Amino acid sequence: MCGGFTCSKNALIALNVLYILVAFILIGVAVYGRAASIVTDLPIVGGILACGIILILISVLGLLGAVKHHQVMLFFYMVILFLLFLIQFSVACACLGVSSEHQDQLAEQGWQRVDNSTRAKVQEVFRCCGLEPKINSKYPPPPCDDAIYQRCCPNPADTDCTCHNCMEKLQNTINYAFKLCGWIGLFFSFTEFMGVLLTVRYRNQKDPRANPSAFL
């Protein structure tokens, strides 16, 4: 880690520019995670999205504090960044710890909540028909037309081919969304902890151009 004032300042500025890029990555991943599942509303993935938005705002505060060596700005930046690290770390661990049973429940709840037009879109996108038998009896899916069957079974000679239920494909998509958000969120949360340590060091250093009495 940098030992001098100027080096610490430049490192903190560069780190906050990196945080802005990281924030856009987190937002993009979270949006993909919510859009890919179509029928489900993933609240944990929404937490990653919120962390990305907050990180952009904090990065602006960190840039201003680093450029001006403003003690109050750096203090609030340091505290908020540490709280964001704790939140993002917890959300990332929650994403990685979601069980397959809970993923099934999310798929069922989403299928029950949406209308038939959305269910038809799911069937078309995932090349499947209905969610699963026990759910289809309570919430009948829209009829699978010839276009869906042709996408399920592109080979006309395969007479034994049938459209599978959507549960397995939805579960795979939800699992991928959780794991993607979890690993990316976990990795970048440690860079935020590094930012806290660098801010503590930089805040306690004296600006050689400043009045020495300001640090007494």
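Bear in mind that the values in this text are calculations on the coordinates, not laboratory data. It should be emphasised that the depicted structure is a prediction, and the values quoted were computed from it without experimental measurement. Glycine also receives a Cβ, built like all others from the backbone with ideal geometry; neighbour counts cover every protein chain displayed.
Label positions at CYS93 and TYR32, each projected 7 Å from the Cα along the C-beta direction, are separated by 2.6 nm. A straight chain from GLN109 to LEU197 at 0.36 nm per residue would run longer than the Cα-Cα distance by 27.4 nm.
Amide H contacts for ASN165 (H built 1.01 Å from N in the peptide plane; partners 5 or more residues away or on another chain; cut-off under 5 Å): CYS129.
In plain terms, the chain from LEU64 to GLU101 could stretch by 8.7 nm, reckoned as 0.36 nm per residue minus the Cα-Cα distance. Of all lysines in the structure, the ones whose alpha carbon falls short of 30 Å from that of LYS68, not counting any fewer than 8 places away in one chain, are LYS9, LYS206. Taking a straight line from the alpha carbon of LYS134, these lysines sit under 30 Å away, with near neighbours fewer than eight places off in the same chain left out: LYS121, LYS169, LYS179. Once the Cβ-Cβ distance between PHE187 and VAL17 is put in as r, and R0 is 22 Å, what FRET efficiency do you end up with, to the nearest 0.05? The formula returns an efficiency of 0.80 here.
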